[in-house]
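The values are calculated or read from the model by the stated rules, or taken from the named source; none is laboratory data. No experiment lies behind these values; they were computed from the predicted model shown. FYI the Cβ positions are ideal-geometry reconstructions off the backbone, even for glycines, and counts take in every protein chain you see.
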Amino acid sequence: MRKAGLFTASCMVAAALMVSAAAAQDAGFTPAVDVSSQVVFNGTVTIDRVVSNGPGFIVIHVNNNGGPGPVIGYSAVNTGENLNVAVDVDTAGITSTMFAMLHTDDGMVGAYEFDGASGLDNPVSVDGAVITPAFDVSAMAVSDQFLAGDTVTIDSVTVSAPSWVVIHNDNGGSPGPVLGQTLVPAGTTANVVVTLAAEGRTGSLWPMLHVDDGTAGTYEFDGASGLDNPIIAGGRVATSQLWTVPHVRMGDQIVLNGDNSMVMSDRMALMVTAESVLCAAECVLVMHTDNGGSPGPVLGATVLPAGLSRDVIVTFSMPDIAATPVMWPMLHVDDGQVGVYEFDGASGLDNPVTVDGAVLTFPINIAPSMDYEGQAAADGVIRIDSALIDAAGWLVIHQSADGQPGPVLGQVPLRAGLNSGIEVTVDAELAGTEVFPMLHYDTNAAGVYEFGTVEGADAPVFFGGNVVVSPLGIAQ
């Protein structure tokens, strides 16, 4: 079970940590970009590591005769090291080889202004060479959908050689038996239709990309012959879940800032965004506050049409109800007065949507927080599933000192927003059987961890009067 970071450490604990912080590094940074071949789902490219000597951008170019072509996406990066940088790109423009180019951000901060003429946000060079490594991708964009008769449609597929789009049913949250497959050529193919077998269909499906390396045009994968195996890049199989029943895609996102954040927010205009919502008929996406680990009072609702809606915004429109750091999106039908949310638990109107007998709801974090599981650290690496922070900061691993955060074992930088797949290298012997992951802001020399060495710098993140920290168990 994934464990969310709790708000447990007091100001006294934070003060005690001042004597045990790691020494600050030098502030100079040599620009660099590290990127691996990868599987790209729904237009999100991941750059392993970006080092920028000042605010900058990582810009994704498509392939144009072996060199960087048009731009299909970019993301701001912080001064210093940036790990696992997610960049949203235009799925229609993806090529099987792409280029990641580092640019400065020397115009309006946060606005990408490079046009080749203005002199703003130019590419970064080291020893006269622009930093723009190439990387190979296999890409698939999928949308939740209700089945159209016997078929499912994949939005787009990009591969470097003829490949199979294989649809698996769901087997307890993982790909199960094959329901159908379609061959696609090299390049990008839009609207790939796959016909499904009548038996074995499940509420969610797993589209998967396979090579076609046996008899051309014959799907021969059997798990033993070595033919037509799944495409794997960066250790990840090319598969992604797709729902054919009502569903909400909404992840952790910053709405509430830390108590000691330097980021200003308009608390009168708070909102959350769902990536997509699939409704069988007119429906309502409702945001509930948290009530002891279950949905509480309603803070806002948005009415939606039947079918798939993207980028759905729910504004917190109940000013007399306080937002909680954990919220519960819940899908309701809209079967009373159309366009009016009327659920009251008694009238029978606008009841929650259920799938397989369960109400369609789940928790998300909207304030600085961490998600992780207990783990083994025999290899000296602490793995954090995700960290949510409202400004540039640090994920710091503390040794346990009598059940409280003690000396620092290691830290990695965080970008504002959701950071995923975080790894922190520590001394496994010093880590023992328990460590304390903690969030800190990056407030003084950008990209340099200075807590405990520079007065007032890089303090722990507080929310609700407590430090964002929680213990993590390590199996031996």
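Determine which member of the set Glu450, Glu455 is part of a loop (DSSP other than H, G, I, E, B), over 21 Å from the mean Cα position of the chain (by Cα) and without any contact (Cβ under 8 Å) to a residue 12 or more places away in the chain. Give the steps one after another, and end with the answer.
Numbers: Glu450 fails: without any contact (Cβ under 8 Å) to a residue 12 or more places away in the chain.
Being part of a loop (DSSP other than H, G, I, E, B), over 21 Å from the mean Cα position of the chain (by Cα) and without any contact (Cβ under 8 Å) to a residue 12 or more places away in the chain holds for just one of Glu450, Glu455, which is Glu455.
Got a number for residues in region 358-374 being modelled with pLDDT of 95 or more and not in a strand (DSSP E or B)?
Summing the residues that are modelled with pLDDT of 95 or more and not in a strand (DSSP E or B) in region 358-374 gives 6.
Which one of these does Arg249 not meet: (1) buried (at least 19 other Cβ atoms within 10 Å of the Cβ); (2) in contact with a strand residue (DSSP E or B) (Cβ under 6 Å, 6 or more places away or on another chain)?
Exception for Arg249: condition (1).
With (1) more than 23 Å from Val45 (Cα to Cα); (2) crowded, with 19+ Cβ neighbours inside 10 Å; (3) not charged (D, E, K, R) as the list, and Ala197 as the residue in question, which single condition is left unmet?
So the condition that Ala197 fails would be (2).
For region 84-93, indicate whether the set of residues that are touching a residue at least 40 places away in the same chain (Cβ under 8 Å), at positive phi and of a type outside the set (A, V, I, L, M) is non-empty.
Taking every residue of region 84-93 in turn, at least one turns out to be touching a residue at least 40 places away in the same chain (Cβ under 8 Å), at positive phi and of a type outside the set (A, V, I, L, M).
Output the residues belonging to region 23-44 that are crowded, with 19+ Cβ neighbours inside 10 Å, of a type in the set (Val, Ile, Thr) and modelled with pLDDT under 95.
The answer is Val39, Val40.
Report, by residue number, each residue of region 216-252 that is among the hydroxyl-bearing types (Ser, Thr, Tyr) and not in a loop (DSSP other than H, G, I, E, B).
Once the filter is applied, which keeps residues that are among the hydroxyl-bearing types (Ser, Thr, Tyr) and not in a loop (DSSP other than H, G, I, E, B), region 216-252 yields only Thr239.
Which of the residues that make up region 438-463 are of a type in the set (Asp, Glu) and farther than 21 Å from Pro55 by Cβ?
Glu455
Going by the conditions given, is Val303 in a strand (DSSP E or B) and more than 20 Å from Asp252 (Cβ to Cβ)? Steps first, answer last, please.
Values: in a strand (DSSP E or B): yes; more than 20 Å from Asp252 (Cβ to Cβ): yes.
Taking the combined requirement at face value, the residue satisfies it.
Would you list the strands (runs of 3 or more DSSP E) that sit entirely within region 128-187 and hold 1 or more residues that are in contact with a Phe, Trp or Tyr (Cβ under 9 Å, 6 or more places away or on another chain) and more than 17 Å from Ile94 (Cβ to Cβ)?
Counting at least 1 such residues, we get 163-170, 175-184.
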